[in-house]
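Read the figures in this text as sums done on the coordinates, not as results from a lab. It should be emphasised that the depicted structure is a prediction, and the values quoted were computed from it without experimental measurement. For neighbour counting, all protein chains shown are included, and Cβ atoms are generated from backbone atoms with ideal geometry for every residue, glycine included.
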Amino acid sequence: MTSATTDAPLARLGRLMVDNPLLPLVVLLFALIGVLALLNPAILSMFWASNTLKIAIPLAMLAACQTLTMLTGGIDLSAGTAATVAAYVTATATPLIGAPGAIGIAMTCALAIGMVNGVGVAFARVHPLIMTLGTGLIATGCLLVYQRSVISTGTEYPALLVWLGTGRTLGLPNGLALFIPFAILILWAQRRSGFGRLLYAIGSNEAAARLSGVRVWQVHLALYSLSGVIAGLTGLLYLGMVKTASLSLALPLDLPSVAAAVIGGTSIFGGRGGYGGTILGALILTVLATMLTLLQMPEGGRRILYGAIILAVTALYIRLTDRG
Amino acid sequence: MSPPAALLDATGVAKRFGAVLALRDASLQVAPGQVVALMGANGAGKSTFVKILTGALKPDAGHVRIKGQDSTVASPAGARRSGLVPVYQEPSLIPDLSVADNLRLGDTPVDRFRHWVGALGLPGLRQDALIRTLPLASLRIVDLARALAVEPDVLLLDELTAALPTDLVERVLSVVRAQADAGRAVIYISHRFTEIAAICDRATVLRDGQTVGDVAIAPGIEDTIVEMMLGAPVTVAARSARATGAAASDAPRLRVRGLATGTRLTDVSLDLRQGEVLGVVALEGQGQDELFDVLAGNRRATAGTVEVNGKPVAFRHPADAIAAGLTLVPGDRAHALLMQRSVRENIALPLLARLGTWGAIPIGAERSRVGAAIERLQIDTRAQGEVRRLSGGNQQKVTIARWIAKGVQTLLLFDPTRGIDIRTKQQIYVLVRELADQGAAVLFYTSELAEVRMACDRAVVIFGGRVVDVIDAADADEPTLLRAAYGLTATAGVPA
Amino acid sequence: MMRLIGGNGWTIGLAVLLALLLVATKAIQPDFGPSGLDNLARSALPFALATVGMAIVVIAGGIDLSVAAMMAVASVTAAVLMDGASDGQAVFAVLAVLLLGLGMGALNGALIVVTRVPDIVVTLAMLFVWQGVALLILNAPGGGAAPWLRALAVGGVTLPGVPPAFTEWLPRGVVFLAVVVAAVWLPIRRSKLGLRFYAIGSDPQAAFRSGVSVGPTRIAAYAVCGLFAALGGLSVTMATGIGEPIPGPYLLASVAAVVLGGVVLGGGRGGILGPILAVFVLRTVRMDLTLLSVDPNVAAIVEGTIMVAVVMFGAVLATRGRRG
């Protein structure tokens, strides 16, 4: 279809991206920082770097939900809602029953959302996109009802979450204290645990996994439950960061979390990618967001850009793997 | 009178899929008034040739002329315009549309269609019936009537009668013959020699992607055609020592009685003993796929029993079969492999499948087990990356190595040597024998008849969904097997 | 079960269910009358039009997740073009919006065919893109609508010479819906294009062998879906008099109505009448919950749960169908 001249570099680029998926991302990240420096040299500072990290952490955590589900060929569009639910419940229940109880209830809610997704995907075999969209909608409805019942109690933010969300130690955001162990755990699990292997196996070839004796429903159920828990955790951290309990708290993270995973090289069809790329993807998107703010790009333009990035990267991967 | 110019003339057709040369030099000429049988054993390139003739695929070399014009169009619609109408093996009717809508979709004249449906023995067919509510036999008739209604110059019929009851077969055959007598050309593909003898004028035989012969049909021509399909008699290559009846006294490892799936598998019984390699021989689509799927827990049987070591089993999931020691190497490697993952991950997959193995992977133990399997199968792991970069032979070794690493009890091999190089094939024969000698039982379906003598102890022959013959490897020369596979022996119904 | 859903029995069943629900409504609220019906029709109209569009792509073997976002684009475009425009100019505005809908849908379809990325991923990316476009056109609800256009869908039917008591029961919204569907879908359904939609949805391979060019047919199906999305967007503007840039909850609702209406996810089966009836069933349930003075948020949860359950049921049926 294409001429031989464009074929060779594309194929080479494909090899490069498959063998060293993180290298082009690092290059891209520094290129963006370079452009930012050209646009406004004054902006680059230690404080800016630390701030960028702080903003990127919740995004990277929510993008873990997308990465893990995408490894199996799924997606979790309810992650943002699960995060919001966890945050809102924590903020409103803390004045009533104290922080530990509130956090416990919040995480149970997030887990429940994930389990409903898991049941729909594992047993009814609903496409994860539709299923998670549906549970997201229902959870938002539940949250509205809940809001009515707690409207008078006021809100309180557990001190630990505020410390994690806004504090700094040695110039670095405290959020790293949660994020670094979290990231190490995910990176370890995707390479060195049986569960992680099965995610790749199912995304790569579900029929082959089944023939090898994998009971796919078990993996789906566990995966979406885990995704709900991670989303809940993200919500807690985000609550400490923004210190407002709103019903659209994590909404701005929803779309970028998908984009971060896709940019990070995780295939939306499954079987390929990993969390390392997603972390870089989240950093790239955060830097990009700074740049778009600098350029005064309206919200609409950003959405178009994110959508276009997702489509373009996916189409590019299809091209590359077809040739492989 | 000079011979009439061929209505269809295909010469020197070649087609390559990646590394596989499916067709190298296929030719076919059909003159007006003739019915020509297109024949070939499994893997001879017949289906690729049919796709090229009907415009569904473009040839790499050679030409296809219909009525003397170069058929350059690469679509079924184009072939139709030039006068060739096919009736494919699988029905090409839209299941969710009515008969009338299907006719409208292909611009088929309704009056003539109605005439042909009547002539073919289905006068009561309702035009508003949904295709998916019709039985398979009626679909074949509708498909054929639809093709006849456009009055094509060349008619291509691919395994048309496979799903038809006998009375309809007779009508169809006489209609097809009448088409040729009216001056049209017919290409007739069938596994049934009796039909070919009844209506065909000539037979064109394909082998290894090449046209190797073109003979006039006459009484007793079957043997000649079988010989052509097989080629020069193959000398039996390195056949390793076989277990000679030592294990035969044992109770069977696997005992199958009256197995059916409600589709192509109708009634299969067989015994597989420990230490035995039992071959399965069948033409394409005789129920062997379903047999292996049922044994591997990938599909449920509708009738019959399976016993493993004397205990009755009914698998609901491949995991159940694996727990009972039955492990499948499927026919299509693409169904077994995680193409984007490494050799190690592919081989280790069954080790991690259970819920109890979701935690930390014992890396050392995994490495040694996988390493041993790689060593034993001599897998070339220089391409350290993804499995899809390996050669076909090495990929096949990975699918087998997976079960070596897990531990083999009963191995179900579905055509494990299809499309791989000769050296790897030999390695697989040796390995299969070694596994059997170490106490495994192996069920070995092969589309290459010569392999039965090289790798198996006995072979069951399946035709029309039931076992029609059991042949000892010593007697399993290719002509015997092929005749049996075509249902030409009279010893049907022998219990294995 | 499958046969029941495939035949007309299912559609008749839905009609009976709708009639029973309306009787129940009258029982709950004895003064339920023409204005109640008008409200029902007006609220159902955008849902019904989105559902018709979705049903067409699902019949053709696809899915369009961007349906609600395209409606938003159409709604704001119409509102911006008609703001302060004369009646004559408004006609051109309506035509422009309809063309825009065709174009958006065709672009969705073309991207699916050209990039070979699965429909569900392409339309997810386009969902973000169209959301962004809508926000760029109109950042907040605003604009206007021509009064004659609003009159098309609001109120009861009045015929000259016939006493209003006879005709006021029939909401204009229903008439509008019937006219639009009859004008657009019936000619397609009767033509070969409609057959081709069913053919590629039912069995693309057999369709190809029957001489159908699959790619262009798929693009056409998405274009028709875009047209109905544009009509849906127009109906939003007609009902409210302004343009609404944030997509409404039409995506999940349309998928649920399509499934409940007897169109099998995966393609080839079902019609348009069933999904339309399903929309009215779902809207009537919602209305009855409101009339029973159930908290509207609880009503939303109930509705969402019904929709998710319906989609799960549909997915189970579709999986069974593939296996059988």
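In table form, for the structure just shown:
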| quantity | calculated |
| --- | --- |
| A:Arg168/B:Arg126 FRET efficiency (R0 60 Å; Cβ-Cβ; nearest 0.05) | 0.15 |
| Whole-angstrom gap from region B:138-170 to region C:104-128, using each part's C-alpha centre | 40 |
| Whole-Å distance, taken between Cα centres, linking region A:35-61 and region A:270-314 | 15 |
| Cα gyration tensor shape for region C:260-324, rounded if a/c is under 1.5, else prolate or oblate | oblate |
| Distant alpha-carbon pairs in region A:11-323 (separation over 38 angstrom), percent | 12 |
| 20 Å reach of a label modelled at A:Leu160, 7 Å along Cα-to-Cβ, counting backbone N of region A:200-237 | A:228-237 |
| Region C:82-220 shape via C-alpha gyration tensor axes, a/c threshold 1.5 | oblate |
| Per residue convex hull volume, Cα atoms of chain B, in Å³ | 164 |
| Region A:87-219 - Rg (one decimal) and Dmax (whole number), Cα, Å | 19.1, 56 |
| Between region C:214-245 and region A:137-157, the Cα center-to-center distance that results, in Å | 34 |
| At least 18 Å along the helix axis (C-alpha) and Kyte average at least 1.0, DSSP helices within chain A | A:22-39, A:46-71, A:79-97, A:99-119, A:128-149, A:176-192, A:216-242, A:251-263, A:275-294 |
| Cα-derived Rg to Rh of chain C, Kirkwood definition | 0.97 |
| Spread of Cα-to-Cα distances over 5 Å intervals beginning at zero, given as percent, for region B:73-195 | 2, 11, 23, 26, 21, 12, 4, 0 |
| Spin-label model distance (nm) - B:Glu375 vs A:Ile97, 7 Å beyond Cα toward Cβ | 5.8 |
| Along each principal axis, Cα extent of the protein assembly as shown, largest first, Å | 94, 83, 61 |
| Distance (nanometres) between label positions extended 7 Å along Cα→Cβ at A:Phe30 and B:Arg112 | 7.2 |
| Translational diffusion of region C:129-203, µm² s⁻¹ [Kirkwood Rh, Cα pairs; Stokes-Einstein; 37 °C; 0.692 mPa s] | 203 |
| GNM result for chain A, Cα springs below 10 Å: residue of A:Thr90, A:Thr169, A:Thr234 fluctuating most strongly | A:Thr169 |
| Contact order relative to length of region C:32-323, as percent, for alpha carbon pairs under 8 angstrom and 6 or more apart | 35 |
| Inter-chain Cβ neighbour average for residues C:231-239, partner chain, 10 Å | 0 |
| For residues of C:132-145, the mean tally of beta carbons on other chains within 10 Å | 3 |
| Over chain B, relative contact order from alpha-carbon pairs under 8 Å, at least 6 apart, % | 15 |
| Cα lying deepest toward the dipole's positive end in region C:160-244, options C:Leu231, C:Ile242, C:Trp185, charges on Cβ | C:Trp185 |
| For chain A, calculated [θ]222 nm from helices alone, where every DSSP H run of n ≥ 4 adds -39500 (n - 2.57) | -26000 deg cm²/dmol |
| Least to most buried among A:Met46, C:Met82, C:Met70 (fewest other Cβ within 10 Å first) | A:Met46, C:Met82, C:Met70 |
| Helix-only [θ]222 nm of chain B, DSSP H runs n ≥ 4, -39500 (n - 2.57) each, per residue, nearest 500 | -9500 deg cm²/dmol |
| Restricting region A:233-324 to trypsin sites (Lys or Arg not before Pro) in coil, as DSSP defines it, with at most 15 other Cβ within 10 Å | A:Lys243 |
| Residue order, fewest to most surrounding Cβ atoms within 10 angstrom, among A:Met297, A:Met61, C:Met54, B:Met228 | A:Met297, B:Met228, A:Met61, C:Met54 |
| Dipole of the protein assembly as shown, positive direction: furthest Cα of C:Gly194, B:Pro109, C:Val294, with charges on the beta-carbon | C:Val294 |
| Relative exposure of B:Tyr429, A:Tyr275, judged by other C-beta atoms within 10 Å (fewest first) | B:Tyr429, A:Tyr275 |
| D (Stokes-Einstein, µm²/s), Kirkwood Cα radius, region B:8-230, 1.306 mPa s at 10 °C | 90 |
| DSSP H segments from chain C that extend 20 Å or more along their own axis, Cα-based, with Kyte-Doolittle mean of 0.0 or above | C:9-28, C:34-59, C:67-82, C:87-115, C:119-137, C:172-190, C:214-240, C:273-291, C:296-323 |
| Peptide-level mean, for C:299-309, of C-beta atoms on other protein chains within 10 Å | 5 |
| Candidates C:Pro171, C:Pro247, C:Pro163: whichever shows maximal mean-square fluctuation once chain C is modelled as a Gaussian network with Cα springs under 10 Å | C:Pro163 |
| Choice from C:Ala153, C:Ala27, C:Ala96 showing the highest fluctuation, given a GNM over chain C with Cα pairs closer than 10 Å | C:Ala27 |
| Furthest towards positive pole of dipole, A:Ala282, A:Ala31, A:Gly194, structure part region A:11-323, Cβ charges | A:Gly194 |
| Rounded to 5, the percent of DSSP beta bridges in region B:8-230 classed as antiparallel | 55 |
| Region B:377-494 - convex hull of the alpha-carbon atoms, volume per residue in Å³ | 120 |
